[in-house]
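What follows is calculated from the coordinates using simple rules that are stated; it is not laboratory data. The shown structure was predicted, so the numbers you read here are calculated from the model rather than taken from an experiment. Ideal geometry is used to build each Cβ from the backbone, glycine not excepted, and the neighbour counts take in all protein chains shown.
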Amino acid sequence: MTAPKTLYDKIWDAHLVHEAEDGTSLIYIDRHLVHEVTSPQAFEGLRMAGRTVRAPDKTIAVPDHNVPTTLDRAGGITNEESRIQVEALDSNAAEFGVHYYPVSDVRQGIVHIVGPEQGWTLPGMTVVCGDSHTATHGAFGALAHGIGTSEVEHVLATQTLIQSKSKNMKVEITGTLPPGVTAKDITLTVIGRTGTAGGTGHVIEYCGEAIRALSMEGRMTVCNMAIEGGARAGLIAPDEKTFEYIKGRPHAPKGAQWETALAWWKTLFSDEDAHWDKVITIDASEIAPVVTWGTSPEDVLPITGTVPAPEDFTGGKVEAARRALDYMGLTPGTPLSEVEIDTVFIGSCTNGRIEDLRAVADVLKGKKIKEGLRAMIVPGSGLVRAQAEEEGLAEIFQQAGFEWRLAGCSMCLAMNPDQLAPGERCASTSNRNFEGRQGYKGRTHLMSPAMAAAAALTGRLTDVREMN
Amino acid sequence: MQKFTTLTGIAAPMPQINVDTDMIIPKQFLKTIKRTGLGVNLFDEMRFDRDGNENPDFVLNKPQYRDAEILVAGENFGCGSSREHAPWAIRDFGISCVIAPSFADIFYNNCFKNGILPIALPQEQVDILMKDAEKGANARMTVDLETQEITTSDGEVIRFEVDAFKKHCLLNGLDDIGLTLEKAAAIDSFEARQGQARPWV
Ligand code: SF4
């Protein structure tokens, strides 16, 4: 009998090309996703060395970070540097023959939304991208993580990655989530509990009843932020929901191959007695709708809480909290629900999928946002946008006073014109509240789509459970 | 790939924890399609105000640290995005060694590809080095990758750990794509096996 293995162990073993005595391993990569920001130097490197892309069929490119999301974008990108970067991807994709979804394609969108949507991401695969939120794809039971540009070049040239194995960490969410509490609240609560370095050196597997109960969209939200907890990747074992989601997608296996694939996918779970280097258990009933108050994703509190004081912390965190409070313009002791906002951003690879938009529409239906507020919804892909229009969600958003945009990363990192002004305070469904992330001196509060919608209605951070 | 062997230089103290990649190189500088020239934008929003004036309190703007080649930092350095622009900017500025209690995974790996040695040490030892760095420009420390030792300006020696393969590549400035391509036969046979077992991939 072989030793019990975790899901991570199983995927790792199935992709091992070569292992040196010191454990340095060559891992085969099944899917390589590429976007315009982290790839130009990698393609240039290939060209300079006279190398080709080893497996163009396993390489999928889409521009997302720089693209404008306003309705007039067919007219081209005005920012010169952004335009050059997107054009570089256009020509690199053509030159090296990789799959490509240009800005004009209805399937274009945020790389981590497009991959699963098109059926590129499948259980048991290794998936990489020059982007830290590649962790998203772990929701399918795929080993997925971000890499730097040198590694992008390495994967393009060799379809492999040099890795040493991470440790195994289990995050179990037991029981059922209370009403009004979502996948985003789970993932933020975990980071609040473990800290942004809590998962460093580990691959996290999320499990437990509350994770099983999540839709595929919710699972993607949870895994998306594994990187914010410092983990190399987040994983969720595939189950019937996963198979159901994948079936019939353009690049999912079909016919006899579907059956063979399914048989293997069903073996992808952590064995009963598998060894875990670290285990965290959280009772779902204790999770509340949360928001962040500071400039690190670990700065998480229930919406019912108050702004903390630096003295509430220890070590390096005292100074960090002082700096964060100053940056965020918050006074200790203020109830979070009294913090007024200027802007609402709904979108990103964390929360830009159809289910997120449905949750937002549920809260907004028949209501108007607070006057004077700037509010935008940026769907994660052209197909999400089309579906939201078909379901009548877009109408609800626009009647409420939201701008309804085209697909892209947008104000998640503000590389395109969608940016916060200095001091502007934003309720955001994205994943990072770092200083300057959404615009120079911009202030970001992270939360779930339903919470962001509630904040749009009241003009302050709001407990969605109080809305009817 | 750039080499790193041994370095004696000025170390700048930056005790802040969770220094993220958005701080190291803000996104407006990610629009480049080159790897070079990012040093002037390193820590841009901390180093300069909106009009481009230097913030005199920021460590790398202080006269004694302008030529720093080593950075001693707080825990979880380099957290956030996978942008290799972060190590590119650090290297381009002239820093080729970062010492901290812990690093974010992707940033740590990216350093080695760019001739930067990241050294993770227990907090107490980082504290010693932080104190040494605070002495300013006269206190030069030495980092020797071959012997895996840091020597403070007082002659105190601190040993560090580094993965043997990464050390080998960094010492010799090896191109790891070239190394991997030598294993082409193993990759071919993996693909053949996978094509049989998992033809849908
Ligand atoms: S939506 Fe935000 S986090 Fe996601 S890929 Fe785009 S920039 Fe990165």
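Full extension of the chain between A:K441 and A:K247 gives 65.4 nm of extra length, using 0.36 nm per residue less the Cα-Cα distance. Round to the nearest 10 and give me the degree value, 0 to 90, for the angle of helix B:123-133's Cα axis relative to the longest principal axis of chain B. Relative to chain B, helix B:123-133 is tipped by roughly 50 degrees. From helices alone, chain B scores -8500 deg cm²/dmol at 222 nm; the rule is -39500 (n - 2.57) for each run of n ≥ 4 DSSP H residues, then divide by the residue total. Across peptide B:113-125, the average count of Cβ atoms from other chains found within 10 Å of a residue's Cβ is 1. For the pair region A:384-410 / region A:166-201, the C-alpha centres are spaced 29 Å from each other. Antiparallel DSSP bridges in region A:311-468: what percent, to the nearest 5? Among the beta bridges of region A:311-468, antiparallel pairing accounts for roughly 5 percent.
Distance between Cα centroids, region B:5-29 to region B:138-168: provide it in whole Å. A separation of 18 Å, based on Cα centres. Of the beta bridges in the protein assembly as shown, as assigned by DSSP with both residues counted there, near 30 percent are antiparallel. Chain A: longest stretch without exposed GluC sites (Glu not before Pro) (DSSP loop, at most 14 other Cβ within 10 Å), sites themselves excluded? Here the longest segment lacking exposed loop sites spans A:22-271.
Computed about the Cα centre, the dipole magnitude for the protein assembly as shown is approximately 940 debye when only Lys and Arg (+1) and Asp and Glu (-1) carry charge, each at its Cβ.
Residue exposure proxy: A:H154, A:H251, ordered by other Cβ atoms within 10 angstrom of their Cβ from fewest to most, comes out as A:H251, A:H154.
Its alpha carbons give region A:227-328 an Rg and a Dmax of 21.1, 62 Å. Overall form of region B:54-118: prolate. Here a/c, set by the Cα gyration tensor axes a ≥ b ≥ c, is 1.5 or more, and a/b is the larger of a/b and b/c. The string of couplings for region A:314-323 from the Karplus curve (6.51, -1.76, 1.60, θ = phi - 60°) is 10, x, x, 6, 4, 5, 4, 5, 4, 4 Hz, one whole number per residue in order, with x for Gly and Pro. When the alpha carbon gyration tensor of chain B is reduced to an equivalent ellipsoid, its three semi-axes come out at 33, 22, 14 angstrom, largest first.
Ranked for footprinting exposure by Cβ neighbours inside 10 Å, fewest first, A:C223, B:C169 give B:C169, A:C223. Residues whose amide H lies under 5 Å from that of B:R140, counting only those 5 or more places away or on a different chain, are absent; hydrogens are built 1.01 Å from N in the peptide plane.
What shape does the protein assembly as shown have by the C-alpha gyration tensor, where a ≥ b ≥ c are the square roots of the eigenvalues, rounded means a/c under 1.5, and otherwise prolate means a/b greater than b/c and oblate the rest? Here the protein assembly as shown falls in the rounded category.
Loop sites by DSSP among the chymotrypsin sites (Phe, Trp or Tyr not before Pro) of chain A, restricted to those with at most 16 other Cβ atoms within 10 angstrom, leave A:1-275 as the longest stretch without any of them. Under a 5 Å amide H cut-off, with hydrogens placed 1.01 Å from N, A:A144 pairs with A:V127, A:G138, A:G234 among residues at least 5 apart or on other chains. On the basis of the beta-carbon distance and an R0 of 51 Å, A:W264 and A:A309 show a calculated FRET efficiency of 0.45.
Site pair B:R66 and A:K370 shows an inter-label distance of 4.7 nm when each label is modelled 7 Å from Cα along Cα→Cβ.
Modelled spin labels at A:W276 and B:R193, positioned 7 Å past Cα toward Cβ, are 3.0 nm from each other.
Just to verify a number: FRET efficiency for B:H168 and B:A139, C-beta to C-beta distance, R0 = 51 Å, to 0.05?
0.95
In this calculation the C-beta distance from A:A256 to A:E95 is compared with R0 = 56 Å, giving a FRET efficiency of 0.95. Counted over region A:310-423 with a bin width of 10 Å, the fraction of Cα pairs per bin, in whole percents, is 13, 35, 29, 18, 6, 0. Less than 15 Å from a label point 7 Å out along the Cα-to-Cβ axis of A:T2: which backbone N atoms in region A:236-268 qualify, by residue? Taking a point 7 Å out along Cα→Cβ of A:T2, the residues of region A:236-268 whose backbone N falls under 15 Å are A:264-268. In this Cβ point-charge picture (+1 for Lys and Arg, -1 for Asp and Glu), region A:387-468 has a dipole of about 520 debye about its Cα centre.
Ordering B:G178, B:V143, B:A133 by Cα displacement along the dipole of region B:129-198 toward the positive end leaves B:G178 in first place; charges were set at the Cβ atoms of Lys, Arg (+1) and Asp, Glu (-1). Residues whose amide H falls under 5 Å from that of A:Y100, counting only those 5 or more places apart or on a different chain, are A:A61, with hydrogens built in the peptide plane.
For region A:409-414, putting each phi into the Karplus relation 6.51 cos²θ - 1.76 cosθ + 1.60 with θ = phi - 60° gives couplings of 6, 6, 6, 4, 10, 6 Hz, in residue order, rounded to whole numbers and with x for Gly and Pro. Placing dummy labels 7 Å off each Cα toward the beta-carbon, the span from B:D57 to A:E21 is 5.4 nm.
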